[in-house]
Amino acid sequence: MMGETVFQILIVLFQALLYATALYTAGSLLIIRFLPLPNDLEKALRKSVFSRSLPVSLETTILLIFLKTGYLYDEGFFGMFNLDVLSVVAFGPDGQAALVRIIGLAVIAGCAFMRAPSMIELAGVSLLVFSFSLTGHSTGEPRIVLTLLVMLHLLVIAYWVGALHPLLIAVSNPARLEETAHLAERFGNQALFVVVGLLTVGMVYAAALLGDLSALRSSLYGQVLLVKLALVSVLLIFAARNKTRIVPALMEGDEHAATSLARAIRFEAVCFLAIFLVAAILSSILTLPAS
């Protein structure tokens, strides 16, 4: 029989996977909309979204409902299918969030088949991001403020995550060095606002949740949050290095800079995976100090 701890571990892992795939989906579509890409890069990005990240987001959303049911019922694997507990989860905040997320994913998928206007696709992205504000600590008070902070926080992260894949594809092709340099420069200019937004919204959100910043040191939640902040700091250091050293060298035609940028992008992707794992622990297992 699966114990409570096993369910907690599975919930954390699949919640991290959900963050990764859903934000990659949202971010890729935002990048296509606000950072115009060459046709081949846009096609590659859309193919990755509709054949991989979007289906995995959908499957993970559904699987998490059953895992949370099994965790609550605490009767092993078969407890995941207890209809009474399943109905409680499905009609509670987790089920509401899952429903909104599935609708958002369906809107995005429908736009691909019907060639709907980009504004409808962005509406699907908004629903996808909004769904994460319906569960976890953002459901506290002031509800509207926390919801807006979560959405802004996730949109900023999604945009950064969405840029990594097309940049990596471009930089891995020596024949398009100049094109890659201009693409990296455009994103670097936008990244200034992304970084400022990430820091500002993240700090305000942390302050709103904790109330007293001394809880960063005195509570387990705060200490784990500090780990997340440390990982974000590493990302910001790499972003600054990319903009001030690697991209200018790439603009001058330095092929070694392309290798350095590819390495930095892969490292940033690993950092994001670690951040999603920590975020899943914060949202799925730990309680706020005030609780």
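Each residue of the stretch 89-94 in order: what ³J(HN,Hα) in whole Hz does its phi give by Karplus 6.51 cos²θ - 1.76 cosθ + 1.60, θ = phi - 60°, with x for Gly and Pro?
Coupling constants for the stretch 89-94: 5, 5, 9, x, x, 5 Hz.
Counting every Cα pair in the stretch 167-222, what percent are over 13 Å apart?
On the way: 1071 of 1540 pairs.
When every Cα pair of the stretch 167-222 is considered, 70 percent fall beyond 13 Å.
Compute the helix-to-body angle for 177-210: its Cα long axis versus the longest principal axis of the chain, expressed 0 to 90° and rounded to tens.
Value to nearest ten degrees: 30.
For the stretch 78-220, what is one quarter of the convex hull surface built on the Cα atoms, given in nm²?
It is 13.5 nm².
I'd like to know which of Thr21, Phe81, Phe91 lies farthest towards the positive end of the charge dipole of the chain, counting +1 on Cβ of Lys and Arg and -1 on Cβ of Asp and Glu.
Comparing the listed Cα positions along the dipole, Thr21 ranks first.
If the only charges are +1 at each Lys and Arg Cβ and -1 at each Asp and Glu Cβ, what is the size of the charge dipole of the chain around the Cα centre, to the nearest 20 debye? Mind showing how you got there, number by number?
Values: 18 positive and 18 negative charges, 87 e Å.
Dipole of the chain, to the nearest 20 debye: 420 debye.
Can you tell me the dipole magnitude for the stretch 135-291 around its Cα centre, using point charges on the Cβ only (Lys, Arg +1; Asp, Glu -1), in Debye to the nearest 20?
Numbers: 10 positive and 9 negative charges, 57 e Å.
Here the stretch 135-291 has a charge dipole of around 280 debye.
For the chain, what is the accessible area per residue in Å², given a 1.4 Å probe and the full set of protein chains?
With all protein chains present, the chain gives 49 Å² per residue.
For Gln190 and Cys271, compute 0.36 nm times the residue count separating them, minus their Cα-Cα distance, and round to one decimal in nm.
Numbers: separation 81, 0.36 × 81 = 29.16 nm, distance 2.01 nm.
Once the chain is fully extended between Gln190 and Cys271, it gains 27.2 nm.
For the stretch 1-53, what percent of Cα pairs sit more than 15 Å apart? Intermediate values should be presented prior to the final figure.
Values: 784 of 1378 pairs.
Across the stretch 1-53, Cα pairs with separations above 15 Å total 57 percent.
Would you mind estimating how fast the stretch 143-291 diffuses translationally, via Stokes-Einstein at 37 °C and 0.692 mPa s with the Kirkwood radius over Cα pairs, in µm²/s? All intermediate terms of the calculation are to be shown ahead of the outcome.
Numbers: Rh = 16.6 Å.
Answer, rounded: 198 µm²/s.
Along its principal axes, what span do the Cα atoms of the stretch 70-121 show, with the longest given first and each in whole Å?
Largest to smallest, the principal-axis extents are 47, 19, 14 Å.
About its Cα centre, how strong a charge dipole does the stretch 63-185 have in debye, to the nearest 20, once Lys and Arg get +1 and Asp and Glu get -1 at the Cβ?
Values: 5 positive and 9 negative charges, 43 e Å.
I would put it at about 200 debye.
Using only alpha-carbon positions, what ratio does the radius of gyration of the stretch 2-108 give when scaled by 2.2 N^0.38 Å?
Working: Rg = 16.4 Å, N = 107, 2.2 N^0.38 = 13.0 Å.
My calculation over the Cα atoms of the stretch 2-108 gives 1.26.
At a 10 angstrom cut-off on C-beta neighbours, averaged per residue, how do the peptides 192-200, 157-165, 68-76 rank from highest to lowest? Kindly include the intermediate steps, with their values, before the conclusion.
Values: 192-200: 15.1, 157-165: 24.1, 68-76: 19.2.
Most protected by this proxy first, the peptides run 157-165, 68-76, 192-200.
Given points 7 Å out from each Cα along the Cα-Cβ axis, report the Phe91 to Ile9 separation in nanometres with one decimal.
For the pair Phe91/Ile9, the computed spacing is 3.4 nm.
Quick one, what does Rg over Rh come out to for the chain if you take C-alpha atoms and the Kirkwood Rh? All intermediate terms of the calculation are to be shown ahead of the outcome.
On the way: Rg = 19.9 Å, Rh = 20.1 Å.
A ratio of 0.99.
Nearest 10 degrees, 0 to 90: what angle lies between the long axis of helix 118-130 and the longest principal axis of the chain (Cα atoms)?
The two axes meet at around 50 degrees.
Stokes-Einstein D for the stretch 239-278 at 37 °C, 0.692 mPa s, Kirkwood Rh over Cα pairs, in µm²/s? Write down the numbers at each step before the final one.
Values: Rh = 10.7 Å.
It comes out at roughly 307 µm²/s.
Mean separation of Cα pairs under 8 Å and 6+ residues apart, divided by the residue count of the chain: what relative contact order is that in percent?
Details: 350 pairs, mean separation 66.4, N = 291.
Here the relative contact order equals 23 percent.
Over the Cα atoms of the stretch 218-291, each weighted equally, I'd like the Debye log10 I(q)/I(0) at q = 0.12, 0.15, 0.28 Å⁻¹, rounded to two decimals.
-0.45, -0.60, -1.18
Calculate what fraction, in whole %, of the accessible area of the chain sits on carbon and sulfur atoms when a 1.4 Å probe is rolled over the protein chains. Write down the numbers at each step before the final one.
Working: 9760 of 14380 Å².
C and S atoms contribute 68 percent here.
So which GluC sites (Glu not before Pro) in the stretch 168-255 end up in coil per DSSP with only 16 or fewer other C-beta atoms within 10 Å? Could the numbers behind the result be given before it?
On the way: sites: Glu178, Glu179, Glu185, Glu252, Glu255; in loops: Glu252.
Loop-located and lightly packed - Glu252.
The values are calculated or read from the model by the stated rules, or taken from the named source; none is laboratory data. What you see is a predicted model, and the numbers here were worked out from it, not measured in a lab. So basically every Cβ, Gly included, is an ideal-geometry build from the backbone, and we count neighbours across all protein chains shown. Only protein heavy atoms, including side chains, enter the accessible area calculation; ligands, DNA and RNA are left aside. Shrake-Rupley method; radii C 1.70, N 1.55, O 1.52, S 1.80 Å.
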